[in-house]
Amino acid sequence: MGRNIFSLIAGGLFGLGLHLSGMTDTTKVQGWLDIFGSWDPTLAFVLGGAILPMAVAWRVAARMQRSTLGIDFPVPPAPKIGHNLVIGSFLFGAGWGLAGLCPGPAVASLSYGGTGGIVFLLAMMAGMYGAPALRVRLDRLAA
Amino acid sequence: MQADWIWGFAGGIMIGLAAAIFLLVNGRIMGASGIIGGVVDGSDRARGSENLMFLLGLAAVPAAAMLIFGRPDTHLTPILPVVVVAGLLVGAGTRLANGCTSGHGVCGISRLSLRGIVATVFYLLGGGLSVLIFRHLIGVI
């Protein structure tokens, strides 16, 4: 029960932050990526603002055995830089630049994103659904 | 323009606080693509209700803000094939890389994770090239 309530609160606060910071406006995101056009630095302030409380949270977590609800903290993944991390991130970035939406803002703008926003969300979910099959092919190519 | 930076920074702090709550209370990394992906492909059924509650909050609070302050424009391109291709790339790419702007960017960089930093470099590179090619060379966005 507590997990659901705090998950709802975290999701809501994330949504409010994305909404207020302007990250559901695709022109602000594309403006940040458009270093050869009229560059918009807003996203750097959003990312910087978000990293600050989280850097503190990681230090606090390091002093705790478990989360306040008694849940084990996630084990850090092996620091391996594989082809999936590099290729996946590059493909994600290409789509991010093309539409100006990443997964969080795509959900946050569901109520006011219109038909296009819903089409983006459905296509994104289809891409997520197909990712394991793509991963198998990439692993085979890399092997 | 100056107000945009202030709103951006204030909104960013809220995003970071949300991630901090999710870590310190729920014991999880706040990654939007992981949470959505776990629901879509059924790989995270054990935390299904928790994930759905997160997504409910994520969609509902901006909806409430819209009702109070008016509808903001997302300025999404009206060319639907572009939207579909972009969505497919974002969905497949984030799941391949196990993270997006929130998981690798906010949560990864803040603990100086090499994987988070490398992912961020490559999605910024992909995004920058995408805008360069599709806006300045081809002109579809």
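Contact order for chain B, expressed relative to its length and based on alpha carbon pairs under 8 Å spaced 6+ residues apart, stands at 24 percent. Between segment B:69-141 and segment A:45-82, the C-alpha centres lie 23 angstrom from each other. Mean sequence separation of contacting Cα pairs (under 8 Å, at least six apart), scaled by the length of segment A:1-127, corresponds to a relative contact order of 32 percent. Put in order of Cβ neighbour count within 10 Å, fewest first, the listed residues A:Leu16, A:Leu69 become A:Leu69, A:Leu16. What's the long-distance tail for segment A:1-137, i.e. % of Cα pairs beyond 18 Å? Distances greater than 18 Å cover 68 percent of the Cα pairs. Geometric descriptor of the protein assembly as shown, per residue, is 118 Å³ (volume of the convex hull of the Cα atoms).
From helices alone, chain A scores -23500 deg cm²/dmol at 222 nm; the rule is -39500 (n - 2.57) for each run of n ≥ 4 DSSP H residues, then divide by the residue total. With a Förster radius of 25 Å applied to the beta-carbon distance between B:Ser49 and A:Met64, the computed FRET efficiency rounds to 0.55. Which of the DSSP-defined H helices in chain B satisfy a minimum axial length of 18 Å, computed from C-alpha atoms, and a minimum mean Kyte-Doolittle hydropathy of 0.0? TM-like helix candidates: B:2-24, B:48-69, B:80-96, B:114-131.
To the nearest 0.05, what FRET efficiency results for B:Ala10 and B:Val140 with a Förster distance of 51 Å applied to their C-beta separation?
My answer for the efficiency is 0.95.
Note on A:Thr27, A:Thr42: ascending count of other Cβ atoms within 10 Å places them as A:Thr27, A:Thr42, the fewest first.
Can you tell me the relative contact order of segment B:78-138? Whole percent, Cα pairs under 8 Å, sequence separation 6 or more.
Relative CO of segment B:78-138 lands at 19 percent.
With the convex hull of the Cα atoms taken as the outline of chain B, the averaged projected area works out to 10.4 nm². In angstrom, the C-alpha Rg and Dmax of segment B:1-74 are 14.7, 44.
Counting 0.36 nm for each residue step from A:Lys80 to A:Thr27 and taking away their Cα separation leaves a gain of 15.7 nm. Under the convention that each Lys and Arg Cβ holds +1 and each Asp and Glu Cβ holds -1, the size of the dipole of segment A:55-143 around its Cα centre is about 260 debye.
Is there a quick way to get the dipole size of chain B? I mean about its Cα centre, with the Cβ of Lys and Arg at +1 and of Asp and Glu at -1; what is the value in debye to the nearest 20?
Values: 8 positive and 5 negative charges, 47 e Å.
In total the dipole reaches around 220 debye.
Considering only B:Ser113, B:Gly126, B:His75, the residue lying farthest towards the positive end of the dipole of chain B is B:Ser113, judged by Cα position with unit charges set on Cβ.
Would you mind getting the Kirkwood hydrodynamic radius of segment A:63-135 from its Cα pairs, rounded to one decimal in Å? Please report the intermediate quantities before stating the final value.
Numbers: mean 1/r = 0.0665 Å⁻¹.
Result for segment A:63-135 stands at 15.0 Å.
Please order A:Val29, B:Val90, A:Val136, A:Val119 by the number of other Cβ within 10 Å, starting at the fewest.
Working: A:Val29 27, B:Val90 31, A:Val136 10, A:Val119 19.
Listed from fewest to most nearby Cβ atoms, that is A:Val136, A:Val119, A:Val29, B:Val90.
Once R0 is set to 25 Å, what does the formula 1/(1 + (r/R0)^6) return for the Cβ-Cβ distance between A:Ser38 and A:Leu122, expressed as a FRET efficiency to the nearest 0.05? Calculated transfer efficiency: 0.20.
Using only alpha carbons, segment B:81-141 has a radius of gyration to Kirkwood radius ratio (Rg to Rh) of 1.05.
Span-like helix criteria (full DSSP H runs; alpha carbon extent of at least 15 Å along the helix axis; mean Kyte-Doolittle hydropathy of at least 0.5) are satisfied in chain A by A:2-21, A:42-62, A:83-99, A:114-142.
Just so you know, all these numbers are worked out from the coordinates, no wet-lab data involved. If you're wondering where the values come from, they're calculated on a predicted model, not measured in any experiment. Note that we place each Cβ from the backbone using ideal geometry, even for glycine, and neighbour counts take in every protein chain shown.
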